[in-house]
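A.B. asks: Structure incoming, see below.
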């Protein structure tokens, strides 16, 4: 079957909860993807940063094959030989005491919120059922009912109420608003160091450090959602590293699974994650040996291939070239590392039409929030490939 046939079948039988570009990918390797007709595309989205290591990394393929023939699932009813090693390696790499494994990013965010509430009741002494978590406008932490309860995006909330109580919303990047929102019942402040889904929104310099200081003064847990920004994407192992901030909890996912398997985790101190007792929280697949083996190798690749350093160096050059483009459509270019957004003026007619034109030129990217084009290539990309992409981007942005 060709692309047209497969798109027809998907639209007929698949729920329409996504609006993908009409490209049907059948295989991919490194930074390149190929559709069912054999056309070649440079992937400039990386499955929303889930394939930082590139598509089908050969080292990960070997690990998956080996582990799939050995042991894939025990549940947490029994122990396995991969989970303890992943916990140790993650804790030592990121500097935390304990790790709690989950599968998706949303599950990990839910886990962090649950841990913060339990900590508030058992350690901080907040009266039962009164704990509050502060989140930011334009946040994106997932799509569960609880998570959309503190979203400010109508598209994510319309027709899904009633919502989970216990959340306050403040402007992103506003330290004074954070301090004013805190009460004796505040358990945590949940924040993305860079708001990727919102259009690559970067807070003012010093914001994370000041927010952490406010949280410490008020005995509030700072939770950093590094699901998209973490593990090298923005030029550091964590985005918080730019300000030398160590949050009380860090949530990671996406490229932790290297594009092979959904793996996420929450990292924190013994004081915080130690509030969980057996049976109070868990996941049948969280910490399964296949996921852990993949995650261990994914982390080794990030470190040994110096992907964070590559993202920093290549991202600086890429960002500068994008900012030098002369297009009547471009309002602003912003980013860090290889997470970059090009915001267009509303008069440009939306970002999607430019993404569709770039697809025709062999470059795959995706719009976010209608007027922003997001660029996030695999971190294994080389400079000549970025230069090629720049030519296509300039061609489309200046020629339409």
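Please treat every number below as a calculation from the coordinates, not as lab data. In this text, all values refer to a predicted model and were calculated from it rather than measured experimentally. All Cβ positions, glycine included, derive from the backbone under ideal geometry; neighbour counts span all protein chains shown.
A.B. asks: Project the alpha carbons of the range 348-400 onto their principal axes and report the range along each, largest first, in whole Å.
C.D. replies: 32, 22, 15
A.B. asks: Right, another one. For the range 101-150, taking Cα atoms only, what is the radius of gyration to one decimal and the Dmax to the nearest whole Å?
C.D. replies: That works out to 11.8, 31 Å for Rg and Dmax.
A.B. asks: Normalised by the number of residues in the chain, what is the relative contact order in percent for Cα pairs under 8 Å and 6+ residues apart?
C.D. replies: Values: 783 pairs, mean separation 92.4, N = 400.
Value for the chain: 23 percent.
A.B. asks: Can you compute the FRET efficiency between residue 391 and residue 156 using 1/(1 + (r/R0)^6), with r the Cβ-Cβ distance and R0 = 30 Å? Round to the nearest 0.05.
C.D. replies: 0.25
A.B. asks: If r is the Cβ-Cβ distance from residue 122 to residue 77 and R0 is 30 Å, what FRET efficiency results, to the nearest 0.05?
C.D. replies: On the way: r = 26 Å, r/R0 = 0.86.
Result of the calculation: an efficiency of 0.70.
A.B. asks: For the range 263-400, what are Rg and Dmax over the alpha carbons, in angstrom?
C.D. replies: Considering the range 263-400 through its Cα atoms, Rg and Dmax are 19.8, 60 Å.
A.B. asks: Here's something else I'd like to know. So how long is each side of the range 56-129 along the principal axes, counting just the alpha-carbon atoms, biggest first, in Å?
C.D. replies: 51, 27, 22
A.B. asks: Something else: Based on the mean of other Cβ atoms within 10 Å per residue, sort peptides 36-49, 380-393, 68-81 so the most packed one is first. Display every interim value, and only then the final one.
C.D. replies: Numbers: 36-49: 18.2, 380-393: 16.6, 68-81: 12.4.
Sorting 36-49, 380-393, 68-81 by mean packing, highest first, produces 36-49, 380-393, 68-81.
A.B. asks: Follow-up question, since we're still on this one. Give me the extension gain from residue 306 to residue 11: residue separation times 0.36 nm, minus the current Cα-Cα distance, reported in nm with one decimal. Walk me through the intermediate numbers first.
C.D. replies: Values: separation 295, 0.36 × 295 = 106.20 nm, distance 4.06 nm.
Contour length minus Cα-Cα distance gives 102.1 nm.
A.B. asks: Tell me, what is a quarter of the convex hull surface for the C-alpha atoms of the range 46-196, in nm² with one decimal? Before the final figure, lay out the partial values.
C.D. replies: Numbers: hull surface 48.3 nm².
The directionally averaged projection comes out at 12.1 nm².
A.B. asks: Once fully extended, how much extra length lies between residue 177 and residue 284, figured as 0.36 nm per residue of separation less the alpha-carbon to alpha-carbon distance? Could you put the intermediate results ahead of the total?
C.D. replies: Details: separation 107, 0.36 × 107 = 38.52 nm, distance 3.93 nm.
Full-extension gain reported as 34.6 nm.
A.B. asks: Let me ask something else. If R₀ is 45 angstrom, what is the calculated FRET efficiency for the pair residue 345 and residue 92, using the beta carbon separation as r and rounding to 0.05? Walk me through the numbers before you get to the answer.
C.D. replies: Values: r = 47 Å, r/R0 = 1.04.
E between residue 345 and residue 92, to the nearest 0.05, is 0.45.
A.B. asks: Something else about it: Which residues among the range 147-169 fall inside the zone where the amide N is under 19 Å from a point 7 Å beyond the Cα of residue 370, along Cα→Cβ?
C.D. replies: Only 151-159 fall inside the zone, counting backbone N under 19 Å.
A.B. asks: Which distance in nm do the two modelled labels at residue 218 and residue 352 give, with both placed 7 Å along the Cα-to-Cβ direction?
C.D. replies: My value for the distance between the label points is 3.9 nm.
A.B. asks: Just subtract the alpha-carbon distance of residue 164 and residue 360 from 0.36 nm times their residue separation and send over the number in nm, one decimal.
C.D. replies: Values: separation 196, 0.36 × 196 = 70.56 nm, distance 4.32 nm.
Taking 0.36 nm per residue and subtracting the Cα distance, the gain is 66.2 nm.
A.B. asks: Then there's this: Hey, got the Cα dimensions of the range 248-321 along the principal axes, in Å, largest first?
C.D. replies: Taking max minus min along each principal axis of the Cα atoms, the range 248-321 gives 52, 28, 19 Å.
A.B. asks: Shifting gears a bit: Residues of the range 230-266 with amide nitrogen under 15 Å from the 7 Å Cα-to-Cβ point of residue 69?
C.D. replies: Counting only backbone N, you get no residues.
A.B. asks: For a test of the definition: using alpha carbon positions, the gyration tensor, and the 1.5 limit on a/c, classify the range 59-304 as rounded, prolate or oblate. Don't skip to the answer; put the middle values down first.
C.D. replies: Numbers: a/c = 1.68, a/b = 1.48, b/c = 1.14.
Taking the square roots of the gyration eigenvalues as a ≥ b ≥ c, the range 59-304 is prolate.
A.B. asks: Still on this structure: Could you tell me whether the range 1-117 comes out rounded, prolate or oblate from its Cα gyration tensor? Rule is a ≥ b ≥ c as square roots of the eigenvalues, rounded for a/c under 1.5, then prolate if a/b exceeds b/c, otherwise oblate. Walk me through the intermediate numbers first.
C.D. replies: On the way: a/c = 2.12, a/b = 1.72, b/c = 1.23.
Because a/c hits 1.5 or more and a/b exceeds b/c, the range 1-117 counts as prolate.
A.B. asks: Which whole-number percentage describes the relative contact order of the range 288-400, with Cα contacts under 8 Å and a sequence gap of 6 or more?
C.D. replies: Relative contact order here is 24 percent.
A.B. asks: If you take every DSSP beta bridge whose two residues both sit in the chain, what share of them, in percent to the nearest 5, is antiparallel?
C.D. replies: Numbers: 31 of 47 bridges.
Counting DSSP beta bridges with both partners in the chain, the antiparallel share is about 65 percent.
A.B. asks: Ranked highest first by average number of other Cβ atoms within 10 Å, how do 175-182, 230-237, 339-346 line up?
C.D. replies: Numbers: 175-182: 16.5, 230-237: 26.8, 339-346: 20.9.
My ranking of the peptides, most packed first, is 230-237, 339-346, 175-182.
A.B. asks: If you don't mind, another one. Under a GNM of the chain (C-alpha, springs under 10 Å), which listed residue has the highest mean-square fluctuation: 299, 267, 21?
C.D. replies: The residue with the greatest mean-square fluctuation here is 21.
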